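K.L.:
Got a structure here, written out as structure tokens. Questions coming.
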Amino acid sequence: MLKQRIITALWLAPLVLLGLFWLDGGAFALFTALIVLLASWEWVNLAGCEGQRQRLLGAAAMALLMLVLWLAGAVHATWLLWLGVLGWLANLYWVIHYPDKGAQWQATPRRLVMGLWVLLPCWVGFISLRDSGAVWLLFVLLLVWCADTGAYFAGRAFGRRKLAPRVSPGKSWEGVAGGLAATTLLALLFATWQSLGLWQGLALVVITWLVTLISVLGDLVESMLKRYRGIKDSSALLPGHGGVLDRIDSLTAAVPWFALLGGWL
């Protein structure tokens, strides 16, 4: 398993980094759309449609919707980012009340609709961040990585109080605190690097705290769906790493929130 993880990472990481930071404009939108479409194919399974034909039809419907949004110029509209923000607030409610409020989202059509506000705003957020400069795209990627890394080590060392035991028993409040500490340091480093003023720097720290917390929710929502479906990984597309959604679950929440809130800097 470890060998598989290393081999996959060796070819996947350079490919993703080249796509995210070398491409721009329509090429960048297409590259990120392909990632989202793979995640959509997995989401259809999480929604309860197991057949390959159903999953391909779901991904094709998402591709058509993305094409329409691109041709209409709607990928630059903030209302799609707001759709993501409001959708994640609903997701937060369901995670907090899992499994008691499951009837509100467990029907397959509702889980499919949930995928729209999880995946589409993420795609739009990627485009918005790339258009505003690669530095803030880099920041949100590092933010999610630092949050995950800080949470992992703090959780292993100090984890006692469970964050959401019915959704993801391994996560703890101490892990969340460790993630916040790591991303706070990242925000301070970026504020210095970008020569932000005092108030801009403080704003970046506050925004970082909010986005760090929402990134944790991204992970919890996918865990909730997988737990309900009784599966371990969203797919086996990435040997040793599970599926695409398993790798971008935190980003689906963090990207649209930071794309929207980062406009205040």
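K.L.:
Given the conditions (1) touching a strand residue (DSSP E or B) at 6+ places or on another chain (Cβ under 6 Å); (2) without any contact (Cβ under 8 Å) to a residue 40 or more places away in the chain; (3) of a type outside the set (Val, Ile, Thr); (4) within 22 Å of Lys232 (Cα to Cα), report the number of the one that Leu163 does not fulfil.
P.N.:
(2)
K.L.:
Within the stretch 156-165, how many residues turn out to be over 13 Å from Val216 (Cα atoms) and surrounded by 14 or more Cβ atoms within 10 Å (Cβ to Cβ)?
P.N.:
Counting residues in the stretch 156-165 that are over 13 Å from Val216 (Cα atoms) and surrounded by 14 or more Cβ atoms within 10 Å (Cβ to Cβ) gives 3.
K.L.:
Select from the stretch 86-113 the residues that are buried (at least 17 other Cβ atoms within 10 Å of the Cβ) and without any contact (Cβ under 8 Å) to a residue 40 or more places away in the chain and write down the one among them that is farthest from the chain's Cα centre (by Cα).
P.N.:
Looking at residues that are buried (at least 17 other Cβ atoms within 10 Å of the Cβ) and without any contact (Cβ under 8 Å) to a residue 40 or more places away in the chain, I get Trp105.
K.L.:
Within the stretch 16-38, can one find any residue that is in a helix (DSSP H, G or I), within 30 Å of Trp173 (Cβ to Cβ) and of a type in the set (Phe, Trp, Tyr)?
P.N.:
no
K.L.:
Could you list, ordered by first residue, the pairs with Cβ atoms under 9 Å in which the first is in the stretch 57-74 and in contact (Cβ under 8 Å) with a residue 24 or more places away in the chain and the second is among the aliphatic types (A, V, I, L, M) and not in a helix (DSSP H, G or I), at least 6 apart or interchain?
P.N.:
Gly58/Ala47; Leu69/Ala77
K.L.:
Being acidic (Asp, Glu) and either out of contact with any Asp or Glu (no Cβ under 7 Å at 6 or more places or on another chain) or farther than 26 Å from Ala47 by Cβ (or both) is true for just one of Glu174, Glu222. Which residue is that?
P.N.:
Just one listed residue meets the conditions, Glu174.
K.L.:
Between a residue in the stretch 124-150 that is over 25 Å from Gly73 (Cα atoms) and any residue that is of a type in the set (Phe, Trp, Tyr) and surrounded by fewer than 23 Cβ atoms within 10 Å (Cβ to Cβ), which pairs come within a Cβ distance under 7 Å, given they are 6 or more apart or on different chains?
P.N.:
Between residues of the stretch 124-150 that are over 25 Å from Gly73 (Cα atoms) and residues that are of a type in the set (Phe, Trp, Tyr) and surrounded by fewer than 23 Cβ atoms within 10 Å (Cβ to Cβ), the close pairs are Phe139/Phe190.
K.L.:
Continuing with this model, one more query. Applying the selection to the stretch 39-59, what residues are part of a helix (DSSP H, G or I) and surrounded by fewer than 21 Cβ atoms within 10 Å (Cβ to Cβ)?
P.N.:
Listed by number, the residues that qualify are Gln52, Arg53, Gln54, Arg55, Leu56, Leu57, Ala59.
K.L.:
May I pose another question? Would it be correct to say that Ser223 is without any contact (Cβ under 8 Å) to a residue 60 or more places away in the chain, among the hydroxyl-bearing types (Ser, Thr, Tyr) and outside any helix (DSSP H, G or I)?
P.N.:
no
K.L.:
If you don't mind, there's one more thing I want to ask. Is it the case that Val68 is in contact with a Pro (Cβ under 8 Å, 6 or more places away or on another chain) and either modelled with pLDDT of 95 or more or closer than 21 Å to Met224 by Cα (or both)?
P.N.:
No.
K.L.:
Looking at Glu222 and the list (1) of a type in the set (Asp, Glu); (2) touching a Ser or Thr at 6+ places or on another chain (Cβ under 6 Å); (3) surrounded by 24 or more Cβ atoms within 10 Å (Cβ to Cβ), which single condition is not satisfied?
P.N.:
(2)
The values are calculated or read from the model by the stated rules, or taken from the named source; none is laboratory data. Predicted model, so just to flag it, every value in this text is computed and none were measured. Quick reminder, even Gly has a Cβ in these numbers, built from the backbone with ideal geometry, and neighbours come from all protein chains shown.
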